[in-house]
Each structure stands twice: as C-alpha cells, then as structure tokens.
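**Student:** Take this structure, written in structure tokens, and hold onto it; I'll ask about it next.
The values are calculated or read from the model by the stated rules, or taken from the named source; none is laboratory data. In this text the structure is predicted, and so the values were computed from the model without any measurement. In this analysis, Cβ positions are derived from the backbone assuming ideal geometry, glycine residues included, and neighbour counts consider all displayed protein chains.
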Amino acid sequence: MKKILLIENHLHLYKRENSKIWQIKLKLPNKKALRISSKSSILEDAKQIAIQKYDLINLKISNNKDIKIKKKHPIKTTHLINSKKLSKKEIEYLIKESYKYIKFNKQKIKKNKILEGRTIFNLFFEDSTRTRTSFEVAAKRLGADLINVALKDSSINKGETLLDTITTINSMDPDVLIVRHPEEGISEKISKLVKSCVINAGDGSREHPTQALLDALTIKKKFGSFKNLRIAICGDIMHSRVARSNIEILSKLGSNINIIGPKEWIPNDIKNLEVNIYNNMKEGLKGCDIVMMLRIQKERIVEKIMPNEKKYFNQFGLDYKKLAYAKKNAFVMHPGPMNRGVEIESKLADDITRSLIQEQVAMGVAIRMACLEILISNKDIYGT
Ligand code: CP
C-alpha cells in the first residue's frame, strides 16, 4: 500500500492495492479516524482535497467547541455609539472576546454560522475603505447577510431625507445598522428611531469607537497590558474622531496619553481631559511606547487655510529621526488612510519591525466580529 503523510499523526493519503484513487485518512485528537475517498488519482489534487476536508472538519469542531453565541454577556448595550459610555470592564470584555476571533481569522476556512440569517446594513455617508470592508468581512465570517447601501446612487440624490432613508431600511427589519456620517451625534439620533442595533462607524470629528477598540486590541496583543504605557497621539487632533475615542478608551484602560500637535489644532474639549499637551514632537515623544499618527482631515478644514505640507512634515511628520525621541523600541500606529510624506515617512509606515499599521487592520476584523456577536445577542435578550 502506498502511503503519504500530510500532517503528522493527523492526515494521510494512501492508495489501496489495485486502486488508482487516493484515499484520505483523517485523525483528530480524541476523535475516531475518518477514511474518505479523494475521488482523484492525481496526487496534487488529492492533497488539496485532503487539506480542505481537514480544515472543514477542524472548523466544525472549533465552531462547536470554541465559538458559540453566548446567552448573556457582562456588557448589556445594544448600540455602540460613544466610547464615553463604555466602562473599563466593558472595554476589557470586548477585547477579551476578540481573541477567539483572532485565532479564528487565522484558519484557512473562515466561516461560522453564529449570525446566520441576520441582516446587517453598512450605511456609509462618508468615504471609507478599512471600516466598511472590515465590518463586511466580520459580518460575512459570522454567517450574516451584509448589505452595502450605495448611498452615492441612492434616493438621497432625488431629495429623500436621511430620516426617510433610515425609516425605509428600518422597515426591512435589520439586526444592525453601521453608520458613518459627517454630522456629529447622528448615530445616537438614529438609534432612537430604529429597532436595530446601531454602531457608530465615525460621526464627524466626534467618535469612532470601533477604531479605538481595535487600536486597544492591537496594543494589548503587543504589550500585554496598558499599565505604565505612554501613548502619543499626534497631528490634527482638532478634527479627529479617532483621537477623541482613543483618548477615552486608552486612558480608561490605564495608559498615559501625550497629545502632540500644532497649537491651533488642539481643541478646548481635549485640554479639559487627563492628557499632557505638547506642540513639539521632541518634547511630546519623550518616554513614549507608542506613537499614533493622525491624518490631516482635509475634508473638515473647509474655511481655514491648509498648512504647507512640507513644512508640516518637518515639524509634525513622523520619520525615523523623530521616532528616536520616543522609547528605543517604540511602535508606530496610524488608523489610516495615510498621507505618506505628510504625517508619516513612507518607509517607516511600511517597516514591519516598527509599524503596527497592518496589524491594526487585522485586529479591526476580530474586534468587529466580537462587537457584532455581542450586540446581536444583547438585542435578542433585551431588545433595543
Ligand atoms: N480608520 C478608518 O476609519 O479608515 P477608513 O476611513 O478607511 O474607514
């Protein structure tokens, strides 16, 4: 009998005498061995089929064992709108619950059924790449149906009001609405009108809670703890919802926050928070473990004059030289989208020994999976 080992002790291919077809023997710990025909006489095809079967069976077991929709979570909310409303314990719980999805997202086959039959709408009234696609990936990996409403082609162009659009979608009985809009506080208003859960995916310069949660998850994974960490948030603080949500969440978790930016871009509401404010990168980066760079939010700087980009980069853009003002092994973060050469040096942004930017994107999927699972589970129990 011809025998080929694919995964030690777990997966073999073999051919019986007088048969051209490869057979698969699959043995998982504490399970009976399974023998399945690959239905192929070609070794490479049979290998591929065997690996697919192995992944599928592994996934089935992990679905049954590890990831089940919980009945009750210590966090009871059905909306995720303001970071301010999340307690330290709730943030820690959301982070903890994301870890199973980090593991899940490393599997070859990333499909679960825990949100099968659930309907989620992406309502993006402002441009997005990361947040919109990340929610779409998260929802689909959990088995939900996600509808991207093409708002640029919607009846809003024919004069329909936002309220009418929302009322129309609400009548389709969705489970979650994910809303990005330039108006501050709009997600909160929508949550009072609809029967579904509402997630704020960015409202003007105010809040972007899932961005701050994914940043916190990235930091937790890298450093293990938030205690004694010093995090610099640098750049256009005035127009940044990411800055506001991150200050709220990271300081609640126990980190010290340094805010660095031009004087005219440090707003009064930030000055009243428990942060240290600097207008100079050399001073502000001293002792920092993480340097979080922000994009100049050109779309919100309508009436004011934009700074000269070269001058801005020299003063506030992050390059290797300025990064050396921080701790020796400090890491760089950026929520994206990046303006290379304006707030960050291109080479540094791509340097995976210093930059966590791609890791932030991966963590975004995991945290959003946890958020969707928890909010929908809460909606089933408590209603909205
Ligand atoms: N970080 C972030 O919100 O990116 P997008 O605008 O691409 O969604």
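**Student:** Could you list, in sequence order, the residues of the range 320-338 that are more than 16 Å from the ligand (Cβ to nearest atom), in a loop (DSSP other than H, G, I, E, B) and surrounded by fewer than 16 Cβ atoms within 10 Å (Cβ to Cβ)?
**Tutor:** Selection gives Ala324, Lys328, Asn329.
**Student:** If you don't mind, there's one more thing I want to ask. Please indicate, with yes or no, whether at least one residue in the range 339-358 is of a type in the set (Ser, Thr, Tyr) and assigned to a helix (DSSP H, G or I).
**Tutor:** Yes: one or more hits.
**Student:** Here is a follow-up. Could you check, for the range 232-240, whether at least one of its residues is within 16 Å of the ligand (Cβ to nearest atom), among the charged types (D, E, K, R), modelled with pLDDT of 95 or more and closer than 28 Å to Asp173 by Cα?
**Tutor:** Scanning the range 232-240 turns up no residue that is within 16 Å of the ligand (Cβ to nearest atom), among the charged types (D, E, K, R), modelled with pLDDT of 95 or more and closer than 28 Å to Asp173 by Cα.
**Student:** Looking at Ile277, Ile231, Ile247, Ile237 in this structure, which one is of a type in the set (Val, Ile, Thr), assigned to a helix (DSSP H, G or I) and touching a strand residue (DSSP E or B) at 6+ places or on another chain (Cβ under 8 Å)?
**Tutor:** Ile247
**Student:** What is the one condition in (1) in a loop (DSSP other than H, G, I, E, B); (2) at pLDDT below 95 that Gly143 does not satisfy?
**Tutor:** The failed condition is (2).
**Student:** Taking Lys310 and the conditions (1) in contact with an Asp or Glu (Cβ under 9 Å, 6 or more places away or on another chain); (2) away from the ligand (no atom under 16 Å from the Cβ), which numbered condition does it fall short on, given that it satisfies the others?
**Tutor:** That leaves (1) as the condition not met.
**Student:** Related question: Of (1) free of Cβ contacts under 8 Å to residues at least 40 places away in the same chain; (2) within 18 Å of Ile249 (Cα to Cα), Lys328 satisfies all except one. Which?
**Tutor:** Of the numbered conditions (1) free of Cβ contacts under 8 Å to residues at least 40 places away in the same chain; (2) within 18 Å of Ile249 (Cα to Cα), the odd one out for Lys328 is (2).
**Student:** Would you pick out the residues in the range 111-136 that are away from the ligand (no atom under 13 Å from the Cβ) and either hydrophobic (A, V, I, L, M, F, W, C) or more than 27 Å from Glu207 (Cβ to Cβ) (or both)?
**Tutor:** Lys111, Asn112, Lys113, Ile114, Leu115, Glu116, Gly117, Ile120, Phe121, Leu123
Conditions (1) closer than 26 Å to Ala243 by Cβ; (2) among the aromatic types (Phe, Trp, Tyr); (3) assigned to a helix (DSSP H, G or I); (4) within 13 Å of the ligand (Cβ to nearest atom), marked per residue:
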residue	(1), (2), (3), (4)
Ser98	yes, no, yes, no
Lys103	no, no, yes, no
Ile109	no, no, no, no
Glu188	yes, no, yes, no
Val194	no, no, no, no
Gly202	yes, no, no, yes
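Residue by residue, here is whether (1) surrounded by fewer than 17 Cβ atoms within 10 Å (Cβ to Cβ); (2) of a type outside the set (A, V, I, L, M) holds:
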site	(1), (2)
Asp145	yes, yes
Ala150	yes, no
Lys158	yes, yes
Ile178	no, no
Gly185	yes, yes
Val194	no, no
